[in-house]
1. Quick check on packing: order 594-600, 287-293 by the mean number of other C-beta atoms within 10 Å, highest mean leading.
2. Based on the mean of other Cβ atoms within 10 Å per residue, sort peptides 231-243, 503-515 so the most packed one is first.
3. Less than 10 Å Cβ to Cβ from SER249, Lys/Arg counted +1 and Asp/Glu -1: what total charge do the surrounding residues give?
4. Might you report the magnitude of the Cβ-based charge dipole of the range 362-494 about its Cα centre, with Lys and Arg at +1 and Asp and Glu at -1, to the nearest 20 debye?
5. Can you pick out the pairs among LYS445/LYS531; LYS475/LYS621; LYS382/LYS621; LYS356/LYS428; LYS230/LYS643 whose Cα atoms lie more than 23 Å from each other?
6. If you take the beta carbon distance between SER453 and ASN268 as r and set R0 to 45 Å, what does 1/(1 + (r/R0)^6) give as a FRET efficiency, to the nearest 0.05?
7. Would you kindly derive the ³J(HN,Hα) couplings of the range 560-571 from the backbone phi angles with the Karplus curve 6.51 cos²θ - 1.76 cosθ + 1.60 (θ = phi - 60°), listing them in order in whole Hz, with x for Gly and Pro?
8. Answer rounded, prolate or oblate for the range 401-537, using the Cα gyration tensor with square roots of eigenvalues a ≥ b ≥ c: rounded when a/c is under 1.5, else prolate when a/b is larger than b/c, else oblate.
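Throughout, read-outs are computed from the coordinates displayed, never taken from laboratory work. Owing to the predicted nature of the structure, the values given are computational and were not obtained by experimental measurement. All Cβ positions, even for glycine, are placed from backbone atoms using ideal geometry, and neighbour counts span all protein chains on display.
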Amino acid sequence: MPTAPTPTPMPIPALAPVLRVFPEVEVLSSAVDGTEVKVDEEVDAVAVDVDVAVAVAVTGYFISQPTISIAPTVESVVNVVVAIDHAVWSLNGVDPLTPAGYTDIANEGAVNMSELLDMLEAGMAGAARKLEPSCSRQHVHVDTDSRGNKRRPYAPTPDAGTWRHLLQFPSNAPAILFAILAFIVGWCFHFLSLDTLLGPSPSVHNDTYWESHREEVRTAFTTSWDAYAKYAWGQDRFHPLSKRGSQMSPNGLGWIIVDSLDTLMIMNLTTRLSDARQWLDKNLTYDQDQDVNTFETTIRMLGGLLSAHYLSTQFPDASSGRDSVYLSKAVDLADRLLAAYDSGSGIPYASVNLAKREGIRSHADGGASSTAEAATVQLEMKYLSHLTGDNVYWRKAEKVMEALDSHGVKGGLVPIFVHPDTGRFRHKTIRLGSRGDSYYEYLVKQYLQTNESIYGEMWEEALTGIQKHLLTSTKHSNLQYIAELPSGIGGRLSPKMDHLVCFLPGTIAIGATEGLTEAEARRTEHWNAQKEEQMRLARELTKTCWAQYAVTETGLAPEIVWFETEDSDLEPSSKSNAPRPSSRDDLNSWIKDINIRLIDADNLQRPETVESLFLMYRVTKDPIYRQWGWEIFKAFQKHTRVKDGEGYTSLSDVTIVPPKRRDDMESFWLAETLKYLYLPFSPSDFLPLTDVVFNTEAHVFPRLRQAEYKTGWARRRRT
């Protein structure tokens, strides 16, 4: 990283700035080349207009003061810029170190100079306590133990001497002069704006800026799709490194094509959609002697067909109006899946044979089904009943919920296995990761889909249980996360969190607001302190999910992380529903708190975090969630795109650069991840959350205002 030259007198306007973008202090450009100022195209203009000027003033002060012998490093200048920011913005009650800070700053009013002078010392001192020296991600290294099981990133410490020297108030008179100079110059730049000084610059509030990002995501999709079409057309899996496909059944199930139909429609890729529809119409048959997973086939295949049918009615230009082929295929598939529900309890068997129409018990776990899988078929089956007028699908799906709820749900939380013959839970393990996750997701989404209060009630109970029994925080930065209970309620927590759990913050947000924006929801009669706390928790958990990306060498999250947590915080006696203190926005502390084991270091191109970022942006309108999504997309671009540009692959280890690659592209990369990266950069009235609900595979269904069928069961009274 370049540093400023040896201190010599030099006019301030001749110096180039150091630029900062939240959430981590990151040098985007620095140069001392006369009068030219280079601004990275991705810099937040709201932050830049002040920070450019303050950095100029800071560097100028260093160079022009012979009493200061320490040369200004890039890091020390950045640290002072952050301190000035914190002092100035805190005058209006804004904390720029929080995700919402720069949103408020965008409409910042004038600051009284006397107030500034009174509070500048306190503000900078507070910043000194709050901030720790940070560095950009590319300067984070990885330390691996001799067995290769644990990798802990660490960061070099920037020059702290200059930092402390400048904070010696009030004895250090030059520092006071510097602070006043920095503020005056910075405030002038703030009102002049960079557009006046340097020409137009990108902005988080500039639609064209975000539209360009949307187009880049769209290009990533077409790159992935075209590589699949070239090397593996019609096959269920694609291996982009070896450029080949493979099948899940002898004749193929259309796994990738069907899962991608609605993304093709949403991105208006009409030619590619026409090819996909033609293949589906002429080649796809489900009359195959093949065992398939009930859950995966429902959410991906049935969900994909139903979503394509729905969107064909919304975007007729993309699919020639209402297209019967999607619905006819969906009905044929669903009729074959019904055999899975022919169990003693109505809980579906783990698998079903499509041709024989026979349910098949799991070959593991004593024949038990996954609780999440059993309870994540309802949106699809209920919507199909709505379309066909046949309530058999609705009744089968609803019976599952009745069976689960009647067999010992405690504190709103369910064990991760349930036996289909008895309907009783097997084992005690409770978690919101694999085999538990989408049970909770579909409580909210069933309520939104059908407006049946029973599911809203079950969700509120579950969320209360999550807060009481599973929510805890890390040792150094107080990141809040959802732990696991291997021995059930009353047992000790495990500080493990699957990436799958990152569905939760977005789900909490839409549950609290019911698809409205947060501002709109606050004006309704249903808003209360509980909803406010739920939104606070959603923000904290979203940050925790983002942190799992921010700490790695690649900028991509692993499959599983283990958090550093005080031993006492893992004991059941520590659990309560009391709100936890807010976490720290500090990369160094995040690095200390997040451990990645080599066996867990995969990145499978999962969508859960970007799903929550999309939902959080739609609900809160906070641009930080767009920005975090963009950072994740850039990391995918940099590290998962294959060398010849033909496709994207999953990774085996996100902690090293270059990362190890897996030679596999999951269908949810096209169905979910890229869709959820595309939508935040689209207009908010495109697929509004008040009108649609996304299934767990990101397939789009309408919210049914007046459902033909109502819940035919009542919850048992709890004792």
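1. Going by the mean number of other Cβ atoms within 10 Å, highest first, we get 594-600, 287-293.
2. 503-515, 231-243
3. It works out to a net charge of -3.
4. Once rounded to the nearest 20, the dipole reads 500 debye.
5. Result: LYS475/LYS621; LYS382/LYS621; LYS356/LYS428 exceed 23 Å.
6. My answer for the efficiency is 0.75.
7. So the Karplus estimates, Gly and Pro as x, are 9, 10, 10, 9, 6, 9, 4, 4, 5, 6, 9, 7 Hz.
8. Cα axes put the range 401-537 in the oblate bin.
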